[in-house]
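Nothing in this text is a laboratory measurement; each read-out follows from the coordinates by a stated rule. Because the structure is a prediction, the values reported are computed rather than measured. Note: ideal-geometry Cβ built from the backbone for every residue, glycine included; neighbour counts use all protein chains shown.
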Amino acid sequence: MTSYIIREATPDDAAAVIFHNDLIANEPRNGIIRGPGESMSLEDEQNYLKNSSVADNSCFLIAITPAGEVIGVCGFQGGKRKAVRHQGGLGISVNIEWRDKGVGTALMRRLIDWAKNTGIITRMELTVMAHNTRAIHVYEKLGFQIEGRQRAALFKDGAYVDVYMMALLFMDYPTT
């Protein structure tokens, strides 16, 4: 299998990111919230990537092959208001041919390292379909904990799906 690198995305990557997102969205029983035909326009994706690159509490990473194919994406969007700037949501997807090869874990580790080094982020959040045990295992391995379950939160493939809300904290916080 060809090697890959992980780097921050730029607006010039927008078309390749859209192509990647469409591949994932068109997979049957995919693990993402987006469905077929729900991609951003090229202009919107370029603006999103530009805004992510200039925000001090947001980041969008891509894993690419030497040929320039985007094989995975991992993004974090920090809160806009002062009270929630320290937290945000993340999303990740990896091309089917590259799953179970460490790409997703590498993207997540790189994003977690970025977050820890911002001096701003103390909480990362994600949602994951409750039946996606492979992803849940990776998230738990990286320190995320399940904080709750939202019943029938998504409608995918003709059925309602539960999701877990998971978070990773970079601070001591008492649990009760």
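What pairs come out if I take residues in the range 108-121 that are more than 17 Å from Gly143 (Cα to Cα) and pair them with residues that are of a type outside the set (Gly, Ala, Ser) and surrounded by 14 or more Cβ atoms within 10 Å (Cβ to Cβ) whose C-beta lies under 7 Å away, six or more apart or interchain?
Short answer, once both residue conditions are applied: Thr118/Asn57; Ile120/Asn57; Ile120/Arg85; Ile120/His86.
Residues in the range 33-41: is at least one in contact with a Gly (Cβ under 9 Å, 6 or more places away or on another chain) and under 20 Å from Arg110 (Cβ atoms)?
Looking for residues that are in contact with a Gly (Cβ under 9 Å, 6 or more places away or on another chain) and under 20 Å from Arg110 (Cβ atoms), one finds none in the range 33-41, hence no.
Kindly check whether there is at least one residue in the range 88-97 that is exposed (fewer than 13 other Cβ atoms within 10 Å of the Cβ), part of a helix (DSSP H, G or I) and under 16 Å from the mean Cα position of the chain (by Cα).
Looking through the range 88-97, at least one residue is exposed (fewer than 13 other Cβ atoms within 10 Å of the Cβ), part of a helix (DSSP H, G or I) and under 16 Å from the mean Cα position of the chain (by Cα).
Would you pick out the residues in the range 106-139 that are among the hydroxyl-bearing types (Ser, Thr, Tyr) and either outside any helix (DSSP H, G or I) or surrounded by fewer than 15 Cβ atoms within 10 Å (Cβ to Cβ) (or both)?
Answer for the range 106-139, where residues must be among the hydroxyl-bearing types (Ser, Thr, Tyr) and either outside any helix (DSSP H, G or I) or surrounded by fewer than 15 Cβ atoms within 10 Å (Cβ to Cβ) (or both): Thr118, Thr122, Thr127, Thr133.
Considering the range 52-64 alone, what residues qualify as being surrounded by 15 or more Cβ atoms within 10 Å (Cβ to Cβ) and in contact (Cβ under 8 Å) with a residue 40 or more places away in the chain?
Ser52, Asn57, Cys59, Phe60, Leu61, Ile62, Ala63, Ile64
Within the range 149-166, identify whether any single residue is assigned to a loop (DSSP other than H, G, I, E, B), buried (at least 20 other Cβ atoms within 10 Å of the Cβ) and in contact (Cβ under 8 Å) with a residue 60 or more places away in the chain, and answer yes or no.
No: zero hits.
Keeping to the range 32-51, report how many residues are touching a residue at least 60 places away in the same chain (Cβ under 8 Å) and either among the charged types (D, E, K, R) or under 20 Å from Gly88 (Cα atoms) (or both).
The number of residues fulfilling the criteria is 2.
Filter the range 21-80 for residues that are acidic (Asp, Glu), within 25 Å of Leu154 (Cα to Cα) and either in contact with an Asp or Glu (Cβ under 6 Å, 6 or more places away or on another chain) or in a helix (DSSP H, G or I) (or both) and give the result.
Within the range 21-80, Asp22, Asp44, Glu45 qualify.
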